[in-house]
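The values are calculated or read from the model by the stated rules, or taken from the named source; none is laboratory data. Note that the structure is a prediction, hence the values are computed from the model and not measured. Cβ: placed from backbone, ideal geometry, glycine included. Neighbour counts: every protein chain shown.
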Amino acid sequence: MSAIDYAEKIPNNVNLQNDRTLQRALEHWQPHFLQWWHEMGPSDFESADVYLRTAVSVDAQGWAHYGAVHMPDYRWGIFLADPVAERKIGFGDAMGQPVWQQVPGEYRSTLRRLIVTQGDTEPASVEQQRMLGHTCPSLYDLRNLFQVNVEEGRHLWAMVYLLHAYFGRDGREEAEELLARHSGDADKPRILTTFNEPMTDWLSFFCFTYFTDRDGKYQLKSFAESAFDPLSRTCRFMLTEEAHHMFVGETGISRVIKRTLEVMKELGTDDPKRIRAHGAIDLPTVQRYLTFWCSSSLDLFGSEISSNSAANFASGMKGRPDETQYEDHVLRSAVFHIELPGGKSEDVPLLNALNEVMRESYLKDCDIGVKRWNRMIERAGHAFRITLPSSRFRRSIGPWAGVPVDPQGNLIPRETYERLLPQWIPSAEDKAFVQSLMKKVVAPGKMAAWIAPPDRGINNLPVEYEYVKLH
Ligand code: BYC
């Protein structure tokens, strides 16, 4: 087990002190990161004491160490899961060969691009969530937001370490660029679409952590299989942290629905107007937010038919999540049937359809929470059911991009699509209403009226605990 050395300027378990050049390069990047955090990270909470977990080692005992921290003093560091002895490549054309400790020259630019794309999402999400602290529904939620933020910051460190350690000058330049692009920036936006969407309310935050962080889970799991061992080890450790982000999303949406059901019971109505007048978020509005963030996140898997995904798999750079669950790890003869717009369909090599395979399993995973929310609604005696949009709906990548399709996946006339779209995703009025609820609640244990309290607090502490001490 590799312990993390906190005496170092950059906490790490990669023996950074033995590689002075790398250490110096990362110590040069560190103040740029801190400056970025100051300018683009959570706005105005730098003096608050936040009850955060910090990793003190990468094993089960040490990865979640809790205590009060000023966020700018959070010890962002470089933590890789322990190596697996004699690890072999588990898929693709080089299956069975030893994994790579260095980047093979022929894969250098593709691997760099993949790592940069992954790295770009991490600071992007912190930028998207920058202003949310000002409208937190409780101290418990404020703390969870900041926990997610500092860990996304650490995930940026994880990718920057790989860029610095394995990609020379190009890698160092890319690390600087990761701090220069900004979410929603007209000139230098973030790379992937969803990470440029504005996020000004907590319902969006919960949807994002439910749907978009779950894409993170799938992408990190597929990198955890990578033949490039440092990438695999980095992603394995990131996945332990990622689970909490999805928990924040799932429980956040559950608590919104729970509160809405309470108000529906109290008022004896499911009339959205009356529910809104009572300060809760009606279920059709919750559905529209879910549809928006789910459909946006579906694009993050890339095109249905992708030569990139085929090359990444065949070379060993990027596998499928939990690769060992499959029998065929080479995929040279398997085909996949894909439905295309206009009633057409095609059999394509499975290798080229891996983005779609991953998107399908992602949607199944998303459905687990939906089933839970629907059970809550059913138990409360209501007929309303939450649904996930079809993976063809509102796409901007792949063969379904720009095709007018309803949330069930049916092709419809463009005019109908344009007319009905505002009923399927949040309208300007929905956004104004949800925004009107966003008021800061910071008395310990108190919750905003639109959300139920959580079932339990953090790390066995009571819900009323003062998770963020504001000064
Ligand atoms: N927006 O063959 P294609 C997370 C680009 S989330 C804009 O269709 P491919 C997190 C694509 O980059 C996980 N561009 O797909 C969550 C490519 O451009 P280049 C993030 C897009 O390459 C919450 C071109 O279209 N990690 O961690 O097979 C908070 C053709 O691509 C989009 C990763 O994404 C889009 N939606 O797969 C914090 C893993 N989709 O390269 C963090 C790394 C595609 O030709 N990335 N394009 O210029 C990848 O593995 C792949 O790049 C993708 C696309 C899966 C994204």
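Odds and ends about this structure:
- Of all residues in the range 398-420, those satisfying the criterion of being in contact (Cβ under 8 Å) with a residue 12 or more places away in the chain and outside any loop (DSSP other than H, G, I, E, B) are VAL405, LEU411, THR416, TYR417, GLU418, LEU420.
- Residues satisfying the stated conditions in the range 210-243, i.e. assigned to a helix (DSSP H, G or I), polar (S, T, N, Q) and either surrounded by 24 or more Cβ atoms within 10 Å (Cβ to Cβ) or at pLDDT 95 or above (or both): THR212, GLN219, SER222, SER232, THR234
- When TRP63 is tested against the conditions (1) part of a loop (DSSP other than H, G, I, E, B); (2) touching a His at 6+ places or on another chain (Cβ under 7 Å); (3) surrounded by 14 or more Cβ atoms within 10 Å (Cβ to Cβ), the lone failure is (2).
- Residues (in a loop (DSSP other than H, G, I, E, B) and closer than 20 Å to TYR210 by Cβ) located in the range 371-397: PHE384, ARG385, ILE386, THR387, LEU388, PRO389, SER390, SER391, PHE393, ARG394, ARG395
- Qualifying residues in the range 37-53 (those that are in a loop (DSSP other than H, G, I, E, B) and among the hydrophobic types (A, V, I, L, M, F, W, C)) - the one surrounded by the most Cβ atoms within 10 Å (Cβ to Cβ): PHE45
- Applying the criterion of being touching a helix residue (DSSP H, G or I) at 6+ places or on another chain (Cβ under 9 Å) and not charged (D, E, K, R) to the residues of the range 266-276, the residue that is farthest from TRP400 (Cα to Cα) is LEU267.
- Flag if GLY96 is more than 14 Å from the ligand (Cβ to nearest atom) and either without any contact (Cβ under 8 Å) to a residue 40 or more places away in the chain or exposed (fewer than 14 other Cβ atoms within 10 Å of the Cβ) (or both): yes
- In the range 194-215, the residues that are farther than 20 Å from ALA428 by Cα and within 9 Å of the ligand (Cβ to nearest atom) form Cβ pairs under 9 Å with partners that are among the acidic types (Asp, Glu) and part of a helix (DSSP H, G or I), at six or more places apart or across chains, as follows: PHE195/ASP120; PHE195/GLU127; THR209/GLU250; ASP213/GLU242; ARG214/GLU242; ARG214/ASP365.
- When residues in the range 267-307 are screened for being more than 15 Å from SER204 (Cα to Cα), in contact (Cβ under 8 Å) with a residue 24 or more places away in the chain and assigned to a helix (DSSP H, G or I), 6 of them pass.
- Within the span defined as the range 314-321, one or more residues are part of a helix (DSSP H, G or I) and within 14 Å of the ligand (Cβ to nearest atom).
- Filter pass, GLU378 being closer than 29 Å to THR251 by Cβ, within 16 Å of the ligand (Cβ to nearest atom) and surrounded by fewer than 17 Cβ atoms within 10 Å (Cβ to Cβ): no
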